[in-house]
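A short reminder: the numbers here are calculations on the coordinates, not readings from a lab. For clarity, every value in this text was computed on a predicted model and none was experimentally measured. Cβ coordinates were reconstructed from backbone atoms using ideal geometry, including for glycine residues, and neighbour counts include every protein chain displayed.
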Amino acid sequence: MADAKILSREGNIAEIEITVPAKRIDSALQSVYSRLANTQKIAGFRKGKVPRHILNGMFGAESIHALLLQDLLPEIYSEALDGLAVIPTDSPEFDPWPTVEEGKDMVVRAKVEVLPEFEVGDYSRFELDLSESVAPDPEEVEETILNMRKKKATHKDAGDRPAQNNDRVTLDYKLTIIDLEGKDPETVYDEAEGVTIHLGDKEILPEIEAKISGANPGDKLDFMVKYPANYQNQDLAEKNVKVEIEIKKIEERVLPEIDEEFLKGIGAYKTEEALRKGVERNISAYKRQIRDEALRNRVMSMILERTNLEIPQKLVDEEVESRMEKLRDMLEQNPDGPDFEQALAARGLSEEKIRSEEEQVARANLKKQFIYDEIFRRENMELTAEELSMALAQYASQNGLTKTQIRKIAKDREFMSQVRADLKDYKVTSFLAARALYKEQWENQAAGDDAPAQNAAPGDAAADSAPAAQPSEGENNE
């Protein structure tokens, strides 16, 4: 680990000094020589066995040292910042340029523009308006079991009666977008035949479902609806649409009884009681996951509110540009598709509106990053080699990477920088979350009752791997 200290600080410019141990210099130098040796084919020498003096003659010591600094400087600079009371707002200027000497410590000096000093708000305690309980309500259990029965339901002809709740209706439909002001021509947006819907399952717009309820086979419906602004399909959001429907068939849904056959079909449960206990466990696990995420978000919001920190506009602008570039790449990934402006217009958006929203997000993200960096330093936190290795292993497992691929990404400075940033964020988040009190806890303390002062930090393996609210088929429960 390099030793770092602040030599001076005038205004928003800090000069720092980093001393890199000779052992680390020699190890890094050996890595550079090994990499070069593996790229050369020289008669009389096996691959990777070219002596140093020959490599020095081929490339020159200065070029080899430049390769070492290219690899090492970003790494040691990042490590040094973890322990220094400065937060950089720009890239460092190394002056004088470091000199590499084998067997000797290397001294690195850098000047860097830094964030003005600020005081982090009180983070010793967070009283949340959030309940600790994750116990499922009886209604949630019943609804989950009902949905499981619906998936196994059969259907029978409903006869001549009108359509009603829980029926399966087969229909033909046609949707036509109408401009009520007459500026644009009518546009047929969608039409299909033989479509089935279940009334009461919230599969379609409530206004349309209400028109279908009470209709009979053979009925033809013709009416107007206006889709809400927050409708998931933005092509229809806030549009006036003419809906034409012909009812083809109405079937009654027949739910299965909760018997031995049903229980085996959904997870080898032996009794209805075992099913209910399994549902309760999974609902609790799901609610715990939601609760813990809410806790982390509320603690983050509270520490941001408690800290007075103005983010330089230059940093905000740079972050916005980065986010806009990623959005542009995403929307223009199809070379035959619309360009950036056209893609935004199709969604009812403008670049100005997006930039305004992104600026708010960028400012909040930067403020959080700087506050968390300061807490990380103040609390003498550190990232161990074991933690970085575990993070890499987890990433590899999630993405199905081989050992060769892991070794390759571990050499990617930008990737490893993001891994370090994510780990720091996780450690600070867990640290702050452990200082949060649920509503029941701080209310009990205020009333004079005994209550735990801190919580176990959310995000542990049990919470993060919580299953969905509904038991999966194949689950075995007694």
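Note on PHE223 and LEU130: their simple-model spin labels are 4.2 nm apart, each label 7 Å out from Cα toward Cβ.
Size check on the range 154-254: the Cα extents along the three principal axes, sorted descending, read 47, 26, 19 Å. Taken over the range 205-281, lysine pairs spaced eight or more positions apart, or on distinct chains, with alpha carbons under 23 Å apart number 13.
With a simple spin-label model that places each label point 7 Å from the Cα along the Cα-to-Cβ direction, the separation between ASP235 and TYR426 comes to 4.0 nm. Identify all lysines with a Cα-Cα distance to LYS49 below 30 Å; exclude those on the same chain that are fewer than 8 residues away in sequence. Cross-link targets: LYS23, LYS41, LYS104, LYS403, LYS408, LYS411.
Ordering THR89, THR187 from the fewest to the most neighbouring beta carbons within 10 Å gives THR187, THR89.
Taking other C-beta atoms within 10 angstrom as a stand-in for reagent exposure, TRP97, TRP442 fall in the order TRP97, TRP442, fewest first.
Over the range 268-464, what is the relative contact order in whole percent, taking alpha-carbon pairs under 8 Å and six or more residues apart? Please report the intermediate quantities before stating the final value.
Values: 105 pairs, mean separation 48.7, N = 197.
Relative contact order comes out at 25 percent.
Averaging Cα coordinates gives a centre for the range 126-163 and one for the range 14-56; these two points are 65 Å apart. Working from Cα pairs under 8 Å separated by at least six residues, relative contact order for the chain is 18 percent. Placing pseudo-labels 7 Å out from each Cα toward the beta carbon at GLN70 and SER301 gives an inter-label distance of 4.7 nm.
Report the FRET efficiency, 1/(1 + (r/R0)^6), for MET58 and GLN333, where r is their Cβ-Cβ distance and R0 is 35 Å, rounded to 0.05. Could the numbers behind the result be given before it?
On the way: r = 43 Å, r/R0 = 1.23.
Efficiency, from the Cβ-Cβ distance: 0.25.
Working note: Cα atoms of the chain, range along each principal axis, descending, whole Å: 95, 66, 56.
Within the range 276-316, which residues have the backbone N less than 17 Å from the label spot 7 Å out from LYS326 along Cα→beta-carbon, could you tell me? What the label zone holds, given the 17 Å backbone N cut-off, is 315-316.
Find how much the distance from TYR189 to GLU387 grows on full extension, using 0.36 nm per residue of separation minus their present alpha carbon separation; answer in nm with one decimal.
Numbers: separation 198, 0.36 × 198 = 71.28 nm, distance 5.30 nm.
Taking TYR189 through GLU387 to full extension adds about 66.0 nm, to one decimal.
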